[in-house]
Amino acid sequence: MYFKYNNNMKLKTILSILLVAVAITACAQNNTFKISGQIDNIADGTVVQLHTVEGTGGRLFKSDTVRNGSFSFEGETDSLRKFMLTAKGGGFSPYIRALWLGPGSNTKITGDGYYFLGWKVKSNVKEQEEENKYNEIYNQFPEFDSLNTVFNELINKTSTLTNGAEKEEVMRKLEAVELQQRSIFLAMDSVLYNFMEKEPVSQVWIDRLNQYSMKLMFDKNYKYADKLKELYERLTPEQKESESAQSIYRLLYPLTVVQEKQPMAEGLFFDPENNKKNITEYKGKYLLLDFWSVGCAPCIAAFLEMKEIHEAHQDKLTIISISTDTRDVWQEGLKKHQLPWINLNDFKGISGYSARYGIRGIPFYILISPEGIVEKIWSGYGKGMLKEKLKNVLQ
């Protein structure tokens with residue numbers, strides 16, 4: 001009797017283990033997404049990359065090299081996410097294709113040649129089908145691709161020329177191409193915004209409005225600024241509470257930008273332990289604000305020089321690195337780079353505290369006096385630049 005009971009218990013245990021294993025396998029399979037591509041008339045060795053979208057930037061997720069026109073990706077995600085597809089090599093222009101991927105999604109990409117926006121994307125994800133409609137609008141302006149090709153060729157040519165009549169001629173051609181590009185962009189934007197007026201407001205729709213609203217960061221006199229504001233008003237009160245919608249609002253209605261010789265902007269942040277911090281509480285020594293992202297190579301290159309400055313001059317200068325990344329990416333970056341100074345994040349990308357200083361790109365630096373007055377603002381990094389900019393402080 002005991003023997004039979006014991007065997008039954010063993011059988012039940014084995015069955016339970018098998019059921020759990022099946023459940024785990026099924027869960028992993030359900031979370032898996034697949035992408036397959038077949039593109040005619042592109043060279044072997046072309047590199048196709050898939051990037052995750054992290055806040056205002058992205059990170060390389062997977063890469064594949066084309067063989068006989070084929071490439072593929074497979075990964076896992078437990079929710080609907082936006083990824084970005086890029087291609088390098090051959091005659092590709094620097095385009096990006098948005099891919100919406102979710103658990104169990106299957107995406108097939110077909111095309112002919114190097115016109116990246118002309119590739120067809122088929123998917124069982126409804127958001128991808130919606131995304132494809134926007135791409136079809138770009139395809140109404142095929143001349144834009146040829147202009148981009150000419151533009152890139154001229155840019156490459158300028159790097160090989162010294163000052164002289166030939167370079168001046170190339171620069172004149174560049175200006176003419178840029179004027180044509182801007183004209184096509186405006187025509188394209190008009191079609192896009194008229195399309196969005198008729199489309200239902202969705203996750204893809206809001207994502208697109210966020211992208212287009214960034215145009216105001218680079219062009220204060222943007223022709224369709226009022227049209228973007230009209231589109232924003234299509235959002236419901238609940239939708240306006242979302243992080244994406246708040247980002248759009250800050251782009252459409254920017255705060256006054258702080259200039260040199262003015263008091264520093266106040267702002268609330270979180271430190272790596274999730275404690276709230278007000279940026280002004282660090283006044284008392286010189287402050288160097290460093291705006292950075294994990295995906296920004298010049299930002300990372302500057303850390304070596306920043307560590308030297310921090311070790312030698314922390315008695316008179318406080319470095320504060322302000323990340324524009326999402327929480328998880330930021331935490332991974334801190335773990336990898338081991339930054340020994342103050343690290344903060346408001347989780348609003350470049351439309352939060354960064355917008356108070358009109359930041360359009362990173363790395364971006366701000367030197368603030370012990371009294372809280374902005375002394376210098378600059379962007380970009382080259383070896384030795386920080387020591388040169390801070391030489392009066394570090395003496």
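The values are calculated or read from the model by the stated rules, or taken from the named source; none is laboratory data. Computed from a predicted model, the values in this text were never measured in an experiment. Neighbour counts run over all protein chains shown; Cβ positions are idealised from the backbone, glycine included. Surface areas here come from the heavy atoms of the whole protein model, side chains and all, with no ligands, DNA or RNA. Shrake-Rupley method; radii C 1.70, N 1.55, O 1.52, S 1.80 Å.
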* Could you list all residues from the range 304-350 that are over 29 Å from Gln211 (Cβ atoms), of a type in the set (Lys, Arg) and touching a residue at least 24 places away in the same chain (Cβ under 8 Å)? => Lys307, Lys316
* To do: Would you confirm whether any residue within the range 212-226 is farther than 23 Å from Ala98 by Cβ and in a helix (DSSP H, G or I)?
  => yes
* To do: Starting from the range 155-183, keep only residues that are over 19 Å from Phe144 (Cβ atoms), then list their pairs with residues that are aliphatic (A, V, I, L, M) and in a helix (DSSP H, G or I) whose Cβ atoms are within a distance under 6 Å, requiring at least 6 positions of separation or different chains.
  => Lys157/Val170; Thr158/Val170; Val170/Leu154
* Structure fact -> Counted residues in the range 304-341 being of a type outside the set (S, T, N, Q) and under 21 Å from the mean Cα position of the chain (by Cα) come to 12
* Selection count where residues are among the hydroxyl-bearing types (Ser, Thr, Tyr), free of Cβ contacts under 8 Å to residues at least 60 places away in the same chain and in contact with a helix residue (DSSP H, G or I) (Cβ under 7 Å, 6 or more places away or on another chain), scope the range 187-210 -> 1
* Scanning the range 39-81 for residues that are more than 30 Å from Asn210 (Cα to Cα) and among the small types (Gly, Ala, Ser), which turns out surrounded by the most Cβ atoms within 10 Å (Cβ to Cβ)? -> Gly69
* Can you tell me which residues in the range 98-114 are surrounded by 20 or more Cβ atoms within 10 Å (Cβ to Cβ) and within 10 Å of Phe33 (Cα to Cα)? -> Leu101, Ser105, Thr107
* Asked: Of the residues that sit in the range 262-292 and are of a type in the set (Phe, Trp, Tyr) and either at positive phi or touching a Lys or Arg at 6+ places or on another chain (Cβ under 7 Å) (or both), which one is least open to solvent (accessible area, probe 1.4 Å)?
  -> Phe269
